[in-house]
1. Residues being free of Cβ contacts under 8 Å to residues at least 40 places away in the same chain, of a type outside the set (A, V, I, L, M) and within 23 Å of Thr104 (Cβ to Cβ): count how many of those fall in the range 38-67.
2. Just to confirm my filter: which helices (runs of 4 or more DSSP H) fall fully inside the range 1-116 and include at least 2 residues that are at pLDDT 75 or above and among the β-branched types (Val, Ile, Thr)?
3. Give all pairs with beta carbons closer than 6 Å in which a residue from the range 68-79 that is open to solvent by 90 Å² or more (accessible area, probe 1.4 Å) meets a residue that is assigned to a strand (DSSP E or B); count only pairs at least 6 apart in sequence or on separate chains.
4. In the range 72-87, how many are hydrophobic (A, V, I, L, M, F, W, C) and touching a helix residue (DSSP H, G or I) at 6+ places or on another chain (Cβ under 6 Å)?
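The values are calculated or read from the model by the stated rules, or taken from the named source; none is laboratory data. Please read all numbers here as calculations on a predicted model, not as lab measurements. Because the Cβ atoms are built from the backbone with ideal geometry, glycine has one as well, and the counts that use them run over all protein chains shown. Heads up: the accessible areas ignore ligands, DNA and RNA and are worked out on the full protein's heavy atoms, side chains in. Shrake-Rupley method; radii C 1.70, N 1.55, O 1.52, S 1.80 Å.
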Amino acid sequence: MADTQQVDTEQGDSKAAGWAHRWAEHRVTRMAGRIDTFAKAHGGAEAQVAYLGERGARIVLVGEDGAWGDLVARSYEAARKAVEKSGITVHEDFDGEFAAKVATGRYEWSRMAGIQVGGPSNT
């Protein structure tokens, strides 16, 4: 006869949920660290979080020196938590005043124009 055991699936589900929560918090902490690194390298930073649908959310960072970068989080909630954890200013929209802080150079202009007027391709 085989030896059988009853498995408490509720406890197993609880452990899995706890592990998933800890892993999600770890990702938020890592993302906040990356935001902090960007902010320190550029004299401070501000952000805007944009919902990307099923793909998650995009965090657009703009440094005080005009440099910009972005990160993609698996959810809008995770992106908001990471930005809040980093302590930088968060804008609701990428409006004109915030967008004006972005410094663009020849490279960005040639890439943007490349799609429309025969410049370098965007691929």
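1. Of the residues in that region, 9 qualify.
2. 9-41
3. Final answer for the pair search is Trp68/Val62.
4. Residues flagged as hydrophobic (A, V, I, L, M, F, W, C) and touching a helix residue (DSSP H, G or I) at 6+ places or on another chain (Cβ under 6 Å) within the range 72-87 amount to 3.
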